[in-house]
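The values are calculated or read from the model by the stated rules, or taken from the named source; none is laboratory data. From a predicted model like this one, the values you see are computed outputs, not experimental measurements. Here the Cβ is made from the backbone with ideal geometry for all residues, glycine too, and neighbour counts use every protein chain on show. What goes into the accessible areas is simple: the full protein's heavy atoms, side chains included, and nothing from ligands, DNA or RNA. Shrake-Rupley method; radii C 1.70, N 1.55, O 1.52, S 1.80 Å.
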Amino acid sequence: MRHSVEFKNITKYFPGVKALDNVSFRAEGGEVLAFLGENGAGKSTLLKTLNGDYQATSGEYLLDGQAVHFRNPHEAIDAGVSVIYQERQILMELSVAENIFLGRMPANKFGWIDIRKANREAEKIINDFGLPLKPQTKVKDLSIAYQQMVEIMKAYSRDNLKVICFDEPTASLSDAEIDVLFKIIGKLRDDGKVVIYVSHRMSEIRRIADKVAIFKDGRYVATVDAQSTDEQEMIRMMVGRDLGDIYDNLDRDKTIGEELLRVENLSSDYVDPVSFTLHKGEVLGFSGLVGAGRTEVMRAIIGADKVLGGKIFLEGKQIVNKSPHDAMNNGIVYVPEDRKTQGILANLDVAKNITISMLDKNSNTLGVIDTGKESEIVDRGIKNFAIKTPNAEKKIVELSGGNQQKCIVARWMATQPKVLILDEPTKGIDVGAKSEFYNMICRFAKQGLGVILISSELPEIIGLSDRIIVMGNLAVKGEVSREEATEERLLSLAMSEGGKN
Amino acid sequence: MSSIWKKVKGFIPGDKLILIVALIIVVAIFTSLNGNYFSWTNFVNILVAASLIGLVAIGHTYLIIAGQNDLSPGSVAAFTGVLCATLVSMGLPFLAAVLITLLAGAVVGIFNSWMVNKIKIEAFIATLVTQFVFRGFAYILCDGRPVSITNEAYISIGATRILSIPLSVWIMLVLILVFGLVLAKTKFGRSVYAIGGNRDAARLAGLNPQRIITILFVMMGVITALGGIVFSSRMHSGQPAANVNLEFDAITAVVLGGVSFTGGVGDMVGTILGVILIQAFNTGLIMVNVPSFWQYVARGALLLFALTSDYIRKTNREKALLEASKKALAAK
């Protein structure tokens, strides 16, 4: 039978974010519906409110026309709604069969588990899926792709499976593995299940999806046909405006000055020896796939991780950063990738978040803080970076993501750094705030700062950088100038096998 | 009535007001059960009894705000009391004995912070180790027998009164004031809030969490040693079995006062109110002749109450935050 899910006026708030804004639409069984949207558009949040991992602030779900409400993912699974996440939710030490029937192992009347029966039934499902697996194999001995298959079979093994959602399932799969996955998705679709597929790889969406639901800033935009709709059209709907214009309008009229930072064979426990230079007034991009080692290089530079070898020269003089504190005093500052866990101090207000790195300079010999000096810095920061907050005493978590990020930048710019490192600075913030950040980055470079920009968004890194270093497998894979940078070139370098050049 | 209430609320923050109201209720109940409860003498007695808890609570305020904890002060106070009494009985000048004892307190703090910073043991468990070890040392040092104190200078610490209030109370009040100001007004205090709110972010922002944690444990060790000296002076002897569960009274007081176990939240005004509240409660139990076994149950109930109110405050903070950002976002 064909199942359906209807989302009715789903709204979800987090502190500082309206993650879902009155989302309403219907997903039908027997077709694959892709969710398309930028980071932070609300795709994953919508899945998590569907399966009870989060609770929607308001709105309701209709499953096959019946209103349902799940207090946790367990209730959702019992009702036939499963979400397959990027991170595996399986137990490595158990066998394939034990994972498939986790919590529902066939047992006799004394509660004694019938492992043979479990293996037999698991075998049936494995055959249904056409996979070369044995029910007795421990999951930890399988490749990541097959671990994911086990998860899918676990959902499939429930007789009442109605809805199955995949959250970026191909992020760590090879092409051959993707083929297997898509075959299985096709089978689930033909069984009449509702299949939801979250991805931002356009080529995949074209291949597997029948329809595409597009999201932007927590709002549902439209559902379009996956085959007949033009790709540019879909991107326009999900971004809201043409980002190309934003890059073209940036003020890039500046001169690149002398060498500012030189890194020679720097390595840590987390990254192989890396060398590069950065000039005054330059925006140096760091491109690469997730896990390429870009963040790790920066953490080694600022002394956040222990350095194993190599040298750092700032303005020709060798420096040693044993901690982020040393780096700050030397004029190198780092805006971390994960704002929530590494950037903001959630218990403190906007003012204290901005001034935290200036405590040494804002206090007298007794350590007493000069509140006058502090409020000057805060006022200047709020003004210069156009931080939208009713007042400086607001808790920082009450601000939107973009404004929180501006506070972190204001914190560092107050220390008057020479080198500003930005790690995925526009992740999860809306397009308007993004263009503000782009202008800010150009302004800093024009002022003579050296800016290092790590970004996984290729158009962003191409649009902003004067020079791009591509990393892969914890080492530098190559360097590309602004003129020769294309998405294809950066991607092929990132995925290339060899070392530099 | 309601307008007066509003005025009071405008003057004193809501969470402190609740503590004051709770204190009034506790005093009213015990006074109705025993008329002697509401008297100057008893008030001073409560403060004297609270003085040791108050000192330890200063350390706990800092540590818990920084996201740490310490279960060793009871043992350490007993150990340092015995140590100081032993040194004096061996003929060391009183001042020298005090300095050595305070130094011993600092060493305990260094040991605690070493376990937390370098072996990465959770503070709760690490300081449990210290609790056992130093209770043992307290007994070993005096072979299980209390060390009596005859040195006059030593005894005068517990006996001296200024403005008819005992010196031990003044020590507590002055230290609470000083450390309260340090927490609220200085770079160090601000850093403590920062590392308690988000340790990784604080480190990336240029703070040194390990050093701050070391200073906090040393501070706690020295303050506890001072408390141990004053306590032994009041008892005229260093007692190895003394001050059991001292840390729990102090933690109860601190959490009642609004310091959150999640870290990053609280202040010293709340702590002093919490300290007075818990001692008013403990003294009251004794004065209305609650059997001592039942006093344990009552104190456990008070700790549960403190933790529950911590949970409720935390939930309310989160709710308020969500509402505030809802409003801010709706206005956009």
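Rank B:Gln131, B:Gln295, B:Gln210 by mean-square fluctuation in a GNM of chain B with C-alpha springs under 10 angstrom and give only the top-ranked residue.
Highest fluctuation of the listed residues: B:Gln295.
Taking a ≥ b ≥ c as the square roots of the eigenvalues of the Cα gyration tensor of the protein assembly as shown, is the shape rounded (a/c under 1.5), prolate (a/b larger than b/c) or oblate?
It is prolate, given that a/c is not under 1.5 and a/b is the larger ratio.
Just to make sure I understand: if all protein chains stay in place, what is the order of B:Thr150, A:Thr277 by accessible area at 1.4 Å, largest first?
Descending accessible area places them as B:Thr150, A:Thr277.
From the phi angles alone, apply the Karplus equation (6.51, -1.76, 1.60; θ = phi - 60°) to the range A:422-427 and give each ³J(HN,Hα) in whole Hz, x where the residue is Gly or Pro.
10, 9, 6, x, 10, 5
Hey, got the dipole for the range B:195-332? About the Cα centre, +1 on K and R Cβ, -1 on D and E Cβ, debye to the nearest 20?
500 debye
With contacts defined as alpha carbon pairs under 8 Å and 6 or more residues apart, what's the relative contact order of the range A:205-320 in percent?
21 percent
Given only helices, namely DSSP H runs of n ≥ 4 each adding -39500 (n - 2.57), what is the per-residue ellipticity at 222 nm of chain A, to the nearest 500 deg cm²/dmol?
-9500 deg cm²/dmol
Across peptide A:338-350, how many C-beta atoms of other chains are within 10 Å of each residue C-beta, on average?
Across the residues of A:338-350, the mean count of other-chain Cβ atoms within 10 Å is 5.
To the nearest 20 debye, what charge dipole does the range A:47-87 have about its Cα centre, counting +1 at the Cβ of each Lys and Arg and -1 at the Cβ of each Asp and Glu?
That gives a dipole near 80 debye.
Could you work out the relative contact order of the range B:183-301, using alpha carbon pairs under 8 angstrom and six or more residues apart, expressed as a whole percent?
Worked out over the range B:183-301, it gives 21 percent.
With the other protein chains left in place, how much accessible area per residue, in square angstrom, belongs to the protein assembly as shown at a 1.4 angstrom probe?
Value for the protein assembly as shown: 45 Å² per residue.
Could you give the nm distance between label points at B:Leu304 and A:Asp190, where each point is 7 Å from its Cα heading toward the beta carbon?
Taking the two extended label points, one gets 6.1 nm.
Enter the buried accessible area of the A/B pair, total of both sides, probe 1.4 Å, in Å² rounded to the nearest 100.
Chain pair A/B: roughly 2700 Å² of buried accessible area.
Percentage of Cα-Cα pair distances in the range A:1-96 greater than 24 Å, rounded to whole percent?
That tail contains 23 percent of the Cα-Cα pairs.
Quick one: if you stick a label point 7 Å off each Cα along the C-beta vector at A:Lys340 and B:Asn117, how many nm between them?
Taking the simple label geometry, A:Lys340 and B:Asn117 are separated by 3.1 nm.
Comparing B:Val48, B:Val222, B:Val269, which has the greatest mean-square fluctuation in the GNM of chain B with Cα pairs linked when under 10 Å apart?
The residue that fluctuates most here is B:Val269.
Putting +1 on Lys and Arg Cβ atoms and -1 on Asp and Glu Cβ atoms, find which of B:Phe293, B:Gly264, B:Ala241 reaches farthest to the positive end of the dipole of the range B:230-327.
The listed residue farthest towards the positive side: B:Gly264.
Measure off, as a whole percent, the carbon and sulfur share of the 1.4 Å-probe accessible area of the range A:46-87, all protein chains present.
Roughly 47 percent, rounded to a whole number.
For peptide A:361-369, what's the mean number of Cβ atoms from other chains within 10 Å of each residue's Cβ?
4
Using only Cα atoms, locate the centre of the range B:42-111 and the centre of the range A:131-147, then give the distance between them in Å, rounded to an integer.
About 59 Å separates the Cα centre of the range B:42-111 from the one of the range A:131-147.
Considering only protein heavy atoms and a 1.4 Å probe, what is the carbon-and-sulfur percentage of the accessible area of chain B?
Here carbon and sulfur together make up 71 percent of the probe-accessible area.
From the Cα gyration tensor of the range A:222-347, with a ≥ b ≥ c the square roots of its eigenvalues, which class applies: rounded if a/c is under 1.5, or else prolate if a/b is larger than b/c, or else oblate?
prolate
Assigning unit charges at the beta carbon (Lys, Arg +1; Asp, Glu -1) and nothing else, what dipole magnitude in debye, to the nearest 20, does the range A:123-165 show about its Cα centre?
100 debye
Quick one: longest stretch of chain A between exposed loop GluC sites (Glu not before Pro), exposed meaning at most 12 other C-beta atoms within 10 Å and loop per DSSP?
Excluding the exposed sites themselves, the longest stretch runs over A:94-257.
Given the options B:Ala28, B:Ala280, B:Ala57, state which has the largest fluctuation in a GNM of chain B using a 10 Å cut-off (strictly under) for Cα springs.
B:Ala28
Please report Rg over Rh for chain B, where both radii come from the alpha carbon positions and Rh follows the Kirkwood definition.
When Rh is taken as the Kirkwood radius, the ratio is 0.99.
How much accessible surface does B:His236 have with a 1.4 Å probe, in Å² rounded to 10?
90 Å²
From the mean inverse distance of alpha carbon pairs (Kirkwood) and the Cα radius of gyration, derive Rg over Rh for the range A:403-501.
0.99
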